[in-house]
1. Within the stretch 369-398, which residues are outside any loop (DSSP other than H, G, I, E, B) and in contact with a Gly (Cβ under 9 Å, 6 or more places away or on another chain)?
2. Select from the stretch 118-133 the residues that are part of a loop (DSSP other than H, G, I, E, B), of a type outside the set (Lys, Arg) and touching a Gly at 6+ places or on another chain (Cβ under 9 Å) and list them in ascending order.
3. Are there any pairs with C-beta distances below 7 angstrom linking a residue in the stretch 173-187 that is touching a residue at least 24 places away in the same chain (Cβ under 8 Å) to a residue that is among the aromatic types (Phe, Trp, Tyr), with the two at least 6 apart or on different chains, and if so which?
4. Among all residue pairs at least 6 apart or on different chains, which show Cβ distances below 8 Å where the first residue, located in the stretch 423-446, is outside the structural domain of Ser340 (by TED's automatic domain parsing) and over 27 Å from Tyr337 (Cβ atoms) and the second is of a type in the set (D, E, K, R) and at pLDDT 95 or above?
5. Go through (1) of a type in the set (D, E, K, R); (2) at positive phi; (3) exposed (fewer than 13 other Cβ atoms within 10 Å of the Cβ) for Asp451 and report which single condition fails.
6. Here is a list of conditions, (1) in contact with a Phe, Trp or Tyr (Cβ under 9 Å, 6 or more places away or on another chain); (2) within 23 Å of Ser46 (Cα to Cα), and Ala132 meets all of them except one; can you say which number that is?
7. Part of a helix (DSSP H, G or I) and surrounded by 13 or more Cβ atoms within 10 Å (Cβ to Cβ): which single residue out of Leu192, Leu200 fits that description?
8. Which of the residues that make up the stretch 295-335 are out of contact with any helix residue (DSSP H, G or I) (no Cβ under 6 Å at 6 or more places or on another chain), under 30 Å from Cys394 (Cα atoms) and of a type outside the set (A, V, I, L, M)?
Amino acid sequence: MSPLLLKLVDIVGKNHVLVGHSLEQRATSYWDSAPTIAMALVRPSSTAEVSQILKICNQHKQPVVTQGGLTGCVEGAITTARDIIISLERMKAIESIDEIGNTAIVQAGAVLQIVQETVRDKNLTFPLDLGARGSCTIGGNIATNAGGINVLRYGMMRNLVLGLETVLADGTVISSMNQMLKNNAGYDSKQLFIGSEGTLGIITRAVIRLFNQPTSCQSAMVALDSFVSVTTLLSHMQKGLAGTLSAFEVMWGEYFKGVTGANGHIAPIDREYPFYVMLEAEGADLEADKTRFDDLLAVAFEDKIIVDAVIPNSETQRRALWNIREEFEPILPAFLYDISLPIKEMNTYISKLMTEVSAFWPDSDCFVLGHIADGNLHLFIRPNIDGGDQHAECDKLVYMALEGFNGSVSAEHGIGEEKKAWLHTSRSNADIALMKQLKSTLDPKNILNRDKVFET
């Protein structure tokens, strides 16, 4: 081992500095089973150990990449042979739960689903939810400002974090573990690190917001014959449910057909409609909530807003409906995108994009779904041809079609390496200059997640 790695062994122990074969046995990411390539992977067990590691790496100008659950979609945690990986997999404790203040203190390596299940046992809920819940970590969720299916009601991760403990590039620990909803004592420094994709510091602990566990949950999957009907239904349900609508997930017909049928999920409804919506409302009065939800759907039927529907009668049936939205393996491999734009522009944009993709690749597939109520669409595009740099061409089609719609190339996944060439289309030159100034101030030796988000 090099002198640098021997110093890291002194901090975390020999069993927690992985090199060679031990490192290569680990997959690159949740999406890529190729062996991990790096100088070493280091597994600290505390903020103090992270601090010591970064202090040494900073002294040696050693590039560092932080890894959590490896479920990111924009190559934000990808590494090279020159990098040292800091994995927070040992820092997974749920340290405390405040049932009066509705907060929890968790370590960054805690898996989202474990956090959800743990607080549920105390009749509380942590509302961030996404398909990768069983693998993604709280630290990764914070570093990417994750969104998911409940943003409509509870907001992005930025809205769910009260305090952070973060280690800067030089090992300095910034501990601001605020547990109050209101605290205007100076700058709110935690906001710098939420969504920074590991480029400004390493998040090690967090204070997260909890909410009372809903006692009722009403769900339905509905079919619609136009995008106008989709937006009309959204307005109808939002007004009628008085703030209790928590999810409104739209699936274009091509997506629904692609993930159901012979090679996918069992379709609970006819597969030939142009649009489908999975919607859910949460409340505290089962009987009244159900009556209100059912009455709103009945009115939508009478007004021909929706043309078909299925309502689950059990948790098993509800989960099967959600799996259609969340488990998209039948349409993979594909190029994945997450974009945002005003709701009123979505159908025009998608129609334009599908026309251009089809003209460029006549045998291509374009599958679309999204959180829609928060302006977020996910695209899965398969060129279905061999040869050429199809990914670069696909990026160009998706992002150039977005011009003129006042949208963003990243709604919730971040920039990473994959989207940095397109950052300028969503941020002004002044914005990017400020980002670079922050980076150079907090990480002057440029060791943290180097060349992610923008070139440095």
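1. Step one: list which residues in the stretch 369-398 are outside any loop (DSSP other than H, G, I, E, B), which gives 369-370, 376-382, 390-398.
Correct list: Asn376, Leu377, His378, Leu379, Phe380.
2. Taking the stretch 118-133 and keeping what is part of a loop (DSSP other than H, G, I, E, B), we get 121-123, 126-128, 130-133.
Subsequent filtering for residues that are of a type outside the set (Lys, Arg) retains 121, 123, 126-128, 130-132.
Within the stretch 118-133, Pro127, Leu128, Leu130, Gly131, Ala132 meet the criteria.
3. Going by the 7 Å Cβ cut-off, there are no qualifying pairs.
4. Lys445/Lys61; Asn446/Lys439
5. Tallying (1) of a type in the set (D, E, K, R); (2) at positive phi; (3) exposed (fewer than 13 other Cβ atoms within 10 Å of the Cβ), Asp451 fails exactly one: (3).
6. Unmet condition: (2).
7. Numbers: Leu200 fails: part of a helix (DSSP H, G or I).
Criteria check complete, one pass: Leu192.
8. Trp322, Asn323, Arg325, Glu326, Glu327, Glu329, Pro333
The values are calculated or read from the model by the stated rules, or taken from the named source; none is laboratory data. Keep in mind that this is a model prediction, so the values were computed, not measured. All Cβ positions, glycine included, derive from the backbone under ideal geometry; neighbour counts span all protein chains shown.
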